[in-house]
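Novice: Take a look at this one; I'll ask things after.
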Amino acid sequence: MAKKIQSIKGFYDVEPERQILWRVFESKILSILDQYNYQEIGLPIVESTNLFVSGVGMLTDIVEKEMYSWEDPLNKDALTLRPEGTAGCVRAVNERSLTYNGPIKLFYRGPMFRHENVQKGRQRQFHQVGVEAFGYNDAACDAEQILLLIRLWRNLGLNNIELQLNSVGDHQDREHYRSKLIDYLERNKAILDSDAIRRLHDNPLRILDSKNPKMQDMLDGAPKLIDFISNDARIHFEALCSILDEHEVIYTINDRLVRGLDYYNRTVYEFITNELGSQGTIAGGGRYDYLVEKLGGSSTPACGFAIGIERIILLLESKAITHAIRPDIYIVNLGKEARNKACKIAELLRDNNHKVSVNMEGASFKSQMKKADKSNAKLAFIIGDNEIEKKSIKIKLLREDGSQDDILESNILSYLNEIKIG
Ligand code: HAM
C-alpha cells in the first residue's frame, strides 16, 4: 500500500462534526455583524511582505519570527501569507479609497498563518473574523465593538469571559514612557530573562506581557503606561470606560496589557477565558489611529478587533454545545427502478425545501432502515416493488411511534404539509 501523506504540523482538517459548530458560530456572528451594520470585505491571503513589516512592526514576534514569507521565483516579489488581517484591510481601504464618502465599517474572515509553537488553541493556520471601523474618533465606536463581542458570547452561550482593558496612549506618550521603562528595567537587569534582555532596547513594552513568574514582582513595580498618557488619550479612555459602565459591562483595567502588534494607540483590550489553558485569549483588538496614514492613506482614525475562531470552537465543544444537521427524510429503496424513483422524489422534495438523503448502497432493507434511523431523519420513505406498482410510498415516522402510512405519490407534498415536516 502506498504511504499515506500526512497534513503539516499546525495545519488541521476540520472534521464534519466540528464543522457544524463552525457553522453555528458563523451564523451567529454574521447576524450580529448585520445588526451593527458592518459590511464584509474579501481580502487576499497573500500580500507583500513589506505590508506586514511596516504595518505590524519590524520588532514584533509576528514579523521577527512567525511569518511564512518567500520570494516569488517568477518575478522576485517578496510575499507573505497573511499573519493577521488589519494590515491587509488598511491596504485595501487605501487602495480603493473606501473612506472617500465618509466613515466605513468593515469585516473579513478567513485563515491567518503564523509559524508558532503548536499547542492546544494555537495553530499555524488558524481562522479569524476581524472587524475594522475607519473614520471614527469617538470612544463610542470602541465601546460598540466591545458590546458587539459581549453580545456574541451571550448568543453563543459562553460565559466566564473576562474583559481586560488598557490605554497605551498616543505615540508620543509611548516614546516618553519607553525611556522611563528602559531606565527601570536597566536598574533591574539582574532579574530579566534572556528574552527580556533581547527586547530591552528594541521593544521594552513587550516585556510587560511576560508570563515569567520570576519577573512578575519586578514588573508589577514598573512605571505604568497609563500614568504617562496625554490628557486627550486619558479623556478618550475615561469616555470608553463610562460607556461600558453605563452598559454594566464588567472589565478589569490591566495596566500591563500592550498587545503584540505595534500599531495600537489608546484603547487595547482582550477577552480571556481560563478554560483553555495558556491560550485563553479568544479575541483582541484596539485603536490604531496612525496606521492608515503610515500605509500611505490620509490620516484616518480607526479601531477594530479579531476573534480566534478555533478557540471559540474549543469552548463550544467543551460545553457540549452541539448542533446536528440532519435530513428531514431518508429514502430507503430496493432495486434499480426503486432507486430511480427515489432520486426523482428526492429532487421534488428538495424543490420544496426539504433536506433529503437517498440510500445509494443497495444494501438489504434491514440495513437501510438502520441507516435511516442513524441519520436522525424524522421520516423514512420506503420504496420497493409494491410501491412502484401502486404508485405510492410507504412512510414511517421514525421519531414518533414508528407508525407507517401508505401515501399516493401525487399526495406526498400535501401529506408533508399536513404533518408539518421541515
Ligand atoms: P491578535 O491578538 O494577534 O490580533 O489575534 C486575534 C485573535 O486571534 C487572538 O485573540 C486569538 O484568539 C487568535 N489567534 C492568534 N494567533 C493564533 C494562533 N496561532 N492559533 C489560534 N488562534 C490564534 C490581531 O490579529 C489583530 N489584527 C486584531 C485587530 C483587528 N486589532 C485591530 N483590528
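None of the figures in this text is laboratory data; all of them are computed from the coordinates on show. Owing to the predicted nature of the structure, the values given are computational and were not obtained by experimental measurement. Cβ: placed from backbone, ideal geometry, glycine included. Neighbour counts: every protein chain shown.
Novice: Check which residues have an amide H placed less than 5 Å from SER392's amide H, if you skip close sequence neighbours.
Specialist: Distant-sequence amide H within range of SER392: GLU409.
Novice: Arrange HIS354, HIS201, HIS115 by Cβ neighbour counts within 10 Å, fewest through most, would you?
Specialist: Exposure proxy ranking, most exposed first: HIS201, HIS115, HIS354.
Novice: Return the long-range amide H neighbours of TYR68 (sequence gap of 5 or more, or a different chain), with a cut-off of under 5 Å between placed amide H atoms.
Specialist: LEU81, HIS115
Novice: Hydropathy at least 0.5 by Kyte-Doolittle, axial extent at least 15 angstrom from the Cα trace: which helices of the chain, defined as entire DSSP H runs, fit?
Specialist: Those that clear 15 Å and a mean of 0.5 are 139-156.
Novice: In whole Å, what three semi-axes, largest first, describe the equivalent ellipsoid of the chain built from its Cα gyration tensor (square root of 5 times each eigenvalue)?
Specialist: 54, 23, 22
Novice: OK, next. Pop out the ³J(HN,Hα) list for the range 289-300 in order, Karplus 6.51 cos²θ - 1.76 cosθ + 1.60 with θ = phi - 60°, rounded to Hz; leave Gly and Pro as x.
Specialist: 6, 9, 6, 4, 5, 4, 9, x, x, 8, 3, 9
Novice: Another question, if that's okay. Sort LYS378, LYS4 so the one with the fewest other Cβ atoms within 10 Å of its own Cβ comes first.
Specialist: Values: LYS378 19, LYS4 5.
Sorted ascending by nearby Cβ count, the order is LYS4, LYS378.
Novice: PHE228: net charge of surrounding residues, Cβ under 14 Å, Lys/Arg +1, Asp/Glu -1, itself excluded?
Specialist: So the surrounding residues net to 0.
Novice: Once amide H atoms are placed 1.01 Å from N in the peptide plane, what residues at a sequence separation of 5 or more from GLU47, or on another chain, have their amide H within under 5 Å of its amide H?
Specialist: Excluding prolines and chain starts, which carry no amide H, the hits are THR80, ARG82.
Novice: Further question on the same structure: Run through every distinct alpha carbon pair of the range 1-95 and return the Kirkwood hydrodynamic radius in angstroms, one decimal place.
Specialist: Kirkwood radius, the range 1-95: 16.5 Å.
Novice: For the range 380-394, take each phi angle, set θ = phi - 60°, evaluate the Karplus expression 6.51 cos²θ - 1.76 cosθ + 1.60, and give the result in whole Hz per residue in order, putting x for glycine and proline.
Specialist: Using θ = phi - 60°, the values come out as 10, 9, 10, 10, x, 4, 4, 5, 5, 4, 8, 6, 10, 9, 8 Hz.
Novice: Given the pairs LYS224/LYS294; LYS319/LYS370; LYS355/LYS391; LYS211/LYS294, which span a C-alpha to C-alpha distance of over 25 angstrom in this model?
Specialist: LYS224/LYS294; LYS319/LYS370; LYS211/LYS294
Novice: If you don't mind, another one. Report the rotationally averaged projected area of the range 354-422 based on its alpha-carbon convex hull, in square nanometres.
Specialist: Average projection, Cα convex hull of the range 354-422: 4.7 nm².
Novice: A further question follows. Which order do CYS343, CYS89 fall in if you start with the one that has the fewest other Cβ atoms within 10 Å?
Specialist: In increasing order of surrounding Cβ atoms, one gets CYS343, CYS89.
Novice: Could you give me D for the range 254-320, from Stokes-Einstein at 4 °C and 1.567 mPa s, where the hydrodynamic radius is the Kirkwood radius over C-alpha pairs? Units µm² s⁻¹, please.
Specialist: In µm²/s, the coefficient rounds to 96.
Novice: OK, next. Who wins for biggest fluctuation among ILE182, ILE383, ILE272 in a Gaussian network model of the chain, springs between alpha carbons below 10 Å?
Specialist: Result: ILE383 has the largest fluctuation of those listed.
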